[in-house]
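Below you'll find the structure, written out as structure tokens, and then a few comments.
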Amino acid sequence: EPEVTQTPSHQVTQMGQEVILRCVPISNHLYFYWYRQILGQKVEFLVSFYNNEISEKSEIFDDQFSVERPDGSNFTLKIRSTKLEDSAMYFCASRDTGTSGVNEQFFGPGTRLTVL
Amino acid sequence: LAKTTQPISMDSYEGQEVNITCSHNNIATNDYITWYQQFPSQGPRFIIQGYKTKVTNEVASLFIPADRKSSTLSLPRVSLSDTAVYYCLVGEFNQAGTALIFGKGTTLSVSS
């Protein structure tokens with residue numbers, strides 16, 4: 001069964017450093033998302049991406065965040081200057097064309113980001 | 001977005017049927033109801049989606065009354081592996097690209 005993959009599984013960084021989290025969505029999917037979950041808290045939406053541009057973003061997704069689809073397979077989240085409060089599990093998700101009318105988003109296993 | 005309310009936690013035993021009810025009094029005409037499941041240290045996983053009446057798949061059933069102000073996720077004969085957090089979400093999920101806005105969910109604990 002196709003699945004969303006994410007690398008690395010765990011990233012440790014120093015405050016102020018830039019990090020890039022990588023995701024490979026399911027190959028025929030067209031909508032891509034990033035969510036994060038701070039330990040013990042709820043899953044929070046960050047951004048959605050379609051047709052090579054951001055379609056929606058939350059207030060969490062400020063200027064220090066950016067997303068990119070550099071090629072036909074990868075989808076990345078960059079955090080420009082990490083802060084302690086960016087420590088969280090970051091999930092990538094993707095979905096298909098949506099013609100089924102069912103919003104089934106497929107989530108990856110996550111990247112645990114630890115900012116020291 | 002319609003606000004959802006669901007129990008914080010539930011306990012059950014293996015083999016029992018579990019029903020988790022979600023309230024969404026302000027659901028809009030175009031809104032659908034969808035449920036996700038999350039195991040510890042994993043991403044959420046889609047369970048089921050519905051608009052009205054009853055939807056059933058190989059994993060669960062979703063019951064939605066006529067006024068659509070609540071919904072009930074039914075898990076038949078749970079096992080230990082069904083221990084997880086279950087999220088009820090409401091939104092225009094027939095629209096492609098709609099973000100998922102999660103609440104705190106219901107933590108289901110299944111014991112032997």
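The values are calculated or read from the model by the stated rules, or taken from the named source; none is laboratory data. These numbers come from a predicted model, not from an experiment. Cβ: placed from backbone, ideal geometry, glycine included. Neighbour counts: every protein chain shown. With ligands, DNA and RNA removed, areas are computed over all heavy atoms of the protein, side chains included. Shrake-Rupley method; radii C 1.70, N 1.55, O 1.52, S 1.80 Å.
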I need the full set of residues from the range B:11-43 which are open to solvent by 50 Å² or more (accessible area, probe 1.4 Å), of a type in the set (Ser, Thr, Tyr) and part of a strand (DSSP E or B), in order please. B:13, B:21, B:32
Check on residue A:41, open to solvent by 40 Å² or more (accessible area, probe 1.4 Å), polar (S, T, N, Q), in a loop (DSSP other than H, G, I, E, B) and within 11 Å of another protein chain (Cβ to nearest Cβ): yes
Please go through the range B:52-71 and pick out each residue that is buried (at least 16 other Cβ atoms within 10 Å of the Cβ) and either among the hydrophobic types (A, V, I, L, M, F, W, C) or on the phi < 0 side of the Ramachandran plot (or both). B:55, B:60, B:61, B:62, B:63, B:64, B:70, B:71
Could you check, for the range B:41-63, whether at least one of its residues is of a type in the set (S, T, N, Q), touching a residue at least 40 places away in the same chain (Cβ under 8 Å) and farther than 30 Å from residue A:53 by Cβ? no
Might you check whether a residue that is in contact with a Gly (Cβ under 8 Å, 6 or more places away or on another chain) and over 26 Å from residue B:104 (Cα atoms) occurs anywhere in the range A:48-56? yes
Considering only residues that are β-branched (Val, Ile, Thr) and touching a residue at least 60 places away in the same chain (Cβ under 8 Å), look in the range B:85-112 and name the one that is nearest to the other protein chains (Cβ to nearest Cβ). B:101
Pick from the range B:49-95, criterion among the hydrophobic types (A, V, I, L, M, F, W, C) and not in a strand (DSSP E or B), ranking: nearest to residue B:21 (Cα to Cα): B:60
Is it the case that the range A:6-15 has a residue that's under 11 Å from the mean Cα position of the chain (by Cα) and within 13 Å of chain B (Cβ to nearest Cβ)? yes
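Here's the yes/no breakdown for (1) buried (at least 19 other Cβ atoms within 10 Å of the Cβ); (2) assigned to a strand (DSSP E or B); (3) more than 9 Å from chain B (Cβ to nearest Cβ):
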{"site": "A:22", "(1), (2), (3)": "no, yes, yes"}
{"site": "A:32", "(1), (2), (3)": "yes, yes, yes"}
{"site": "A:66", "(1), (2), (3)": "no, yes, yes"}
{"site": "A:78", "(1), (2), (3)": "no, yes, yes"}
{"site": "A:89", "(1), (2), (3)": "yes, yes, no"}
{"site": "A:94", "(1), (2), (3)": "yes, yes, yes"}
{"site": "A:112", "(1), (2), (3)": "no, yes, no"}
May I ask you to verify whether residue B:46 is part of a loop (DSSP other than H, G, I, E, B), among the hydrophobic types (A, V, I, L, M, F, W, C) and under 16 Å from residue A:102 (Cα atoms)? no
Could you please let me know if residue A:4 is touching a residue at least 24 places away in the same chain (Cβ under 8 Å), open to solvent by less than 50 Å² (accessible area, probe 1.4 Å) and not acidic (Asp, Glu)? yes
Of the conditions (1) in contact with a strand residue (DSSP E or B) (Cβ under 6 Å, 6 or more places away or on another chain); (2) touching a residue at least 24 places away in the same chain (Cβ under 8 Å); (3) more than 9 Å from every other protein chain (Cβ to nearest Cβ), residue A:28 clears all except one; give me its number. (1)
From the list A:103, A:74, which one is open to solvent by less than 50 Å² (accessible area, probe 1.4 Å) and over 14 Å from the mean Cα position of the chain (by Cα)? A:103
